[in-house]
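Remarks on the structure that follows.
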Amino acid sequence: CSEDAVEALSETYDLCVGGDCFEMLQQTSSVFKVIPYVKVFARVAPEQKELIMTTFKIVGRTTLMCGDGTNDVGALKQAHVGVALLNAMPPAQIGDSSSRTSKLEPKSGKSKKSKLASDLSSSVGVPYSNVGQARSKTITKREPTNPSVRNSLTAAEKQQQKLKKLMEEMNQGDDGRAPLVKLGDASMASPFTAKHASVAPTTDIIRQGRSTLVTTLQMFKILGLNCLATAYVLSVMYLDGVKLGDMQATISGAFTAAFFLFISHARPLPTLSAARPHPNIFCAYVLLSLLGQFTIHLIFLISSVNEAGKYMPEECIEPDSEFHPNLVNTVSYMVNMMIQVATFAVNYMGHPFNQSIPENKPFLFALLAAVGFFTVVTSDLFRDFNNSLKLVPLPEALQWKLLLWASFMFSGCYIWERFLRWVFPGRILGLKKRQRQAQVNLQKKQA
C-alpha cells in the first residue's frame, strides 16, 4: 500500500485495525506505513500491542499505555508512560453501590466505606514497589488490643497499620470478593497505578506533566536572566565601585527565595488544553526571550546608574574598598529590585497550563510585597528604615525618572514575551521526517 494514500485516507476517516489485519500488515512489511495513521486498534494479541508501542516510538511519537492484566505487561514496559488499572468500580459507582446497600449493612460498615472513599479519593496511586514494601512490613504485625499499648505506638507504626487497612480494602471488592486483578499483574511493569478501572488518570498525568515542564522552563528563564544581570553588576559595575551592602543583599535574597518557593505552588488547570508547551529549553523561543529581556534590563540598568552619576561628585572609588552608601549604590540596588520583580512577573507561565498570577495567591502576595517595599524605599517615607538599609535620599527628579523607566522596562519585557509566545507556539515537529527515516532504516535492515 502507498503511504500517501493511507495518509490521505486518515485525513477523511478514523482508521481502525484489527488483529487479523495487523498480521497481514506484518507479512507485507507495511507496519510503518499504516500504524502511525491508525487511531483504533481492536482485538490485538499481546505481542501486537508491544509492536504497536515500539512502532509509535520509532516514528517519534510519545506513547502512554493503560493496561489491566498480564497480557498488557509488554506494551506497558515499551510505552513512555505506563498506567496499570485495577479492575474495580470507579469511585462514583462505589459511592452509589454503598448507598444502595446501606440498608443491608450495619452502621459501622457504612462509616468504614465512607472513610475508605475519603482515603482513596486520589485517582493515581503510588508505585507498586512502594506498596509491596508497605505490605511486607505490615502483614507481620497486628494491631494491639490493649488501650495502653495502643497509645504508646509510634507514628511509623500507626502509618503502617493505616497502610495495611488500605491495602486490605483495595484488594477486596464491595461484595467481599477479591477483585479480578490484584496489585502485581500490570503494576510491576508500569510506574503509575490507578485505583480503579477508569482511564481518567491519564489526563491527570498529562496535565501534571505539562505543569512540571512549564514550571521547569520558566525556572530556567528566570535563573538565566538573574544570572546575566548579577554577572554584569559583579563584573563591570564592580570596577566602578558599585556594590551592595550586607542588609541589601539579604533582603534581595529573601525576596528571590520567596518568589521561587511560591512560583512552584501553581497547580495545573483542571481542563486539558489543546495547546502544547515547548518540549525543551534549547529553542528559538527561549533564546530570543532571554536576549530580548536582558537587553531591556541592561539598558534600564546602565541608564539609571549613569543618571545617578550626574548627581555624584567627582571621586575615584576603589573596587576593593569598604562599602560606603552613595547615590549610585542606592540606585543600582533599587534597579536590581525592579528587574527582579519584572523577571518573575513577566516570565510566569500561567494559562493554559497552570494557575494565573491572581489565582496563585502566595506568589501574588509576594509580588505585591516586593512592589510595596520598592515604593517605600524609593519615596523615602521612613528615613530610619532607609538608613538601616544604607540607602541615601534620592533627588525628586531622579525618583520620577526611575518610576517612569521602570514602567517602560516592564511594559517592554511583557510585550516582547507575549509576542514571542504568539510567534513560537509549542508544537512537536519532525514526525513525518522521523517516520520516513524509520522506514528507510527498516528497509536497509531487511536488505
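Since every read-out is calculated from the coordinates, none of them should be taken as a lab result. For clarity, every value in this text was computed on a predicted model and none was experimentally measured. In this analysis, Cβ positions are derived from the backbone assuming ideal geometry, glycine residues included, and neighbour counts consider all displayed protein chains.
Numbers below:
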item: Long-range HN-HN contacts of Asn354 with modeled amide H, under 5 Å; result: Leu269
item: Approximate spin-label separation Arg427-Leu261, in nm, with each point projected 7 Å along Cα-to-Cβ; result: 4.2
item: Cα gyration tensor category, rounded, prolate or oblate, for segment 1-44 with a/c compared to 1.5; result: oblate
item: At R0 = 41 Å, FRET efficiency that the Cβ-Cβ distance of Ile302 and Lys361 yields, to 0.05; result: 0.70
item: Of Lys49/Lys165; Lys33/Lys221; Lys221/Lys361; Lys158/Lys195; Lys310/Lys390, those spanning more than 28 Å from alpha-carbon to alpha-carbon; result: Lys49/Lys165; Lys33/Lys221
item: Added length on full extension, which subtracts the Cα-Cα distance from 0.36 nm per residue, Arg276 to Val376; result: 31.9 nm
item: Counted charge near Ser273, where neighbours are those whose Cβ lies closer than 12 Å (Asp, Glu -1; Lys, Arg +1); result: +3
item: For peptides 16-24, 297-305, sequence by mean Cβ density within 10 Å, most packed first; result: 297-305, 16-24
item: Debye, to nearest 20: dipole size of segment 1-44, +1 on Lys, Arg Cβ, -1 on Asp, Glu Cβ; result: 160
item: Ranked by how many other beta carbons lie within 10 Å on average, peptides 354-367, 272-285 from highest; result: 354-367, 272-285
item: Counted charge near Pro425, where neighbours are those whose Cβ lies closer than 15 Å (Asp, Glu -1; Lys, Arg +1); result: +4
